[in-house]
Amino acid sequence: MINKNTRGSEWHKWDLHIHTPFTGKNDRFEGVNKEEKWEKYLNKIEINTDTVVLGITDYFSIENYLYMVEQQKNGRIPNVYLIPNVELRILPVTRTETPINIHVLFDPNLSTDIIRRDFFNQLQFEYSGSKYQCNKDALIQLGRAVKTDVVSDEEAYKSGLDQFNISFSDLRDILKANSLKGHFIVGVANSNKDGNSGIQDSTLSATRKEIYRLSDFIFSANPNDIKFFLGNGRSTKEQLIKEYGSLKPCVRGCDAHDLNKMFRFDDNRYTWIKALPTFNGLKQILFEPEDRVCISEEK
């Protein structure tokens with residue numbers, strides 16, 4: 001839902017990477033129970049009136065995004081456009097032995113049934129001769145298989161999430177499904193810890209480039225990354241397109257796992273996008289990455 005008076009071709013503040021209460025990892029949101037945690041979270045969004053698009057993020061799941069959509073139907077956060085952001089961990093690992101952090105943002109108009117059938121149920125992880133799909137029941141089973149001393153379903157689910165890593169090639173093949181085509185965009189982190197630049201082994205340089213090719217944008221606010229992926233750095237635009245498939249806009253999100261982190265950046269530099277606050281508006285940054293995106297304090 002979004003304010004109908006909002007016009008396109010204006011600069012708006014977007015945050016495409018923000019977690020919610022009960023996110024799969026590192027949930028530090030405050031509240032003594034489910035209702036209080038969500039109430040404090042929704043209040044925080046309603047107070048922050050200048051961010052018009054949120055990428056509601058969770059690990060291998062859109063369930064918290066769907067919960068927020070239901071809250072909108074009940075009148076909460078009426079002037080914010082929500083986009084489901086699925087955060088994944090893919091192989092190979094970086095030099096810190098951390099799987100790469102990659103995100104798939106889906107068109108909110110795409111059927112939830114299609115996302116579950118053609119995306120989540122196609123993501124599989126094999127362990128000890130058994131294959132596990134990417135849904136809560138299967139992740140609980142995986143968690144219990146890996147960590148036999150877990151007691152609760154919640155603990156088993158988190159254990160399963162920690163272990164569920166997929167290969168880059170598997171993800172690429174799944175995203176080729178006709179039902180998904182045109183209804184998602186991919187962003188990859190570029191930190192040297194859990195991002196694609198962390199792959200330093202020379203034997204994996206081709207894989208690193210292929211991950212960049214799959215990605216439509218880069219999660220980074222580093223000025224050097226912004227220049228490089230727009231073809232204004234050590235590579236020309238023509239060289240960058242040849243090597244990585246396209247020019248890539250850089251965006252950032254607060255990556256909040258608690259209330260205090262929401263909408264906050266230590267350097268006060270935010271992502272501003274010049275587009276209608278919709279998924280189709282977001283796709284415009286892929287065609288005009290230099291003119292449609294700016295990471296700065298003011299628009």
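The set of residues from the range 66-80 being open to solvent by 20 Å² or more (accessible area, probe 1.4 Å) and at negative phi comprises Leu66, Tyr67, Val69, Glu70, Gln71, Lys73, Asn74, Arg76, Pro78, Asn79. Residues that are part of a helix (DSSP H, G or I) and touching a helix residue (DSSP H, G or I) at 6+ places or on another chain (Cβ under 6 Å) do not occur anywhere in the range 218-231. Residue-level analysis places Ile102 among those that are at pLDDT below 95, surrounded by 18 or more Cβ atoms within 10 Å (Cβ to Cβ) and not small (Gly, Ala, Ser). Residue selection: Asn85 fails the criterion of being under 27 Å from Val52 (Cα atoms) and open to solvent by 70 Å² or more (accessible area, probe 1.4 Å).
Of all residues in the range 109-136, those satisfying the criterion of being out of contact with any Phe, Trp or Tyr (no Cβ under 9 Å at 6 or more places or on another chain) and within 18 Å of Ile62 (Cα to Cα) are Ser111, Thr112, Asp113, Ile114, Arg116, Arg117, Asp118, Asn121, Gln122. Can you name every residue in the range 260-276 that is more than 16 Å from Lys40 (Cβ to Cβ), of a type outside the set (Asp, Glu), in a loop (DSSP other than H, G, I, E, B) and open to solvent by 30 Å² or more (accessible area, probe 1.4 Å)? Asn268, Arg269, Leu276, listed by residue number. Which one is nearest to Asp58 (Cα to Cα), of the residues in the range 277-299 that are aliphatic (A, V, I, L, M) and crowded, with 19+ Cβ neighbours inside 10 Å? Only one residue tops the list, namely Leu282. Among all residues of the range 282-289, there is none that is in a loop (DSSP other than H, G, I, E, B), touching a residue at least 12 places away in the same chain (Cβ under 8 Å) and under 21 Å from the mean Cα position of the chain (by Cα). Would you say Arg208 is part of a helix (DSSP H, G or I) and of a type outside the set (S, T, N, Q)? Criteria met by Arg208. Could you please let me know if Gly143 is among the small types (Gly, Ala, Ser) and crowded, with 18+ Cβ neighbours inside 10 Å? So Gly143 passes the test.
Selection of the range 203-234 for residues being surrounded by 16 or more Cβ atoms within 10 Å (Cβ to Cβ) and small (Gly, Ala, Ser) yields Ser215, Ser220, Ala221, Gly231.
Any residue at all in the range 161-168 that's under 23 Å from Arg208 (Cα atoms), modelled with pLDDT of 95 or more, open to solvent by less than 20 Å² (accessible area, probe 1.4 Å) and touching a helix residue (DSSP H, G or I) at 6+ places or on another chain (Cβ under 6 Å)? No, the conditions are met nowhere in the range 161-168.
Taken over the range 129-160, the residue count meeting the criterion of being of a type in the set (A, V, I, L, M) and in a loop (DSSP other than H, G, I, E, B) is 2. Does at least one position in the range 30-47 carry a residue that is under 15 Å from the mean Cα position of the chain (by Cα) and touching a residue at least 40 places away in the same chain (Cβ under 8 Å)? So far as the range 30-47 goes, no, none of its residues is under 15 Å from the mean Cα position of the chain (by Cα) and touching a residue at least 40 places away in the same chain (Cβ under 8 Å). Has the range 237-259 got any residue that is within 19 Å of Asn85 (Cβ to Cβ), modelled with pLDDT of 95 or more, open to solvent by less than 20 Å² (accessible area, probe 1.4 Å) and touching a Cys at 6+ places or on another chain (Cβ under 7 Å)? No: the range 237-259 contains no residue that is within 19 Å of Asn85 (Cβ to Cβ), modelled with pLDDT of 95 or more, open to solvent by less than 20 Å² (accessible area, probe 1.4 Å) and touching a Cys at 6+ places or on another chain (Cβ under 7 Å). Residues that are over 25 Å from Ile114 (Cα atoms), modelled with pLDDT of 90 or more and not in a helix (DSSP H, G or I): does the range 172-181 have at least one? No, the range 172-181 contains no residue that is over 25 Å from Ile114 (Cα atoms), modelled with pLDDT of 90 or more and not in a helix (DSSP H, G or I).
The values are calculated or read from the model by the stated rules, or taken from the named source; none is laboratory data. Quantities reported herein were computed from a predicted structural model and do not represent experimental measurements. Neighbour counts run over all protein chains shown; Cβ positions are idealised from the backbone, glycine included. When the accessible area is computed, the model is the full protein with side chains, heavy atoms only, and any ligands, DNA or RNA have been set aside. Shrake-Rupley method; radii C 1.70, N 1.55, O 1.52, S 1.80 Å.
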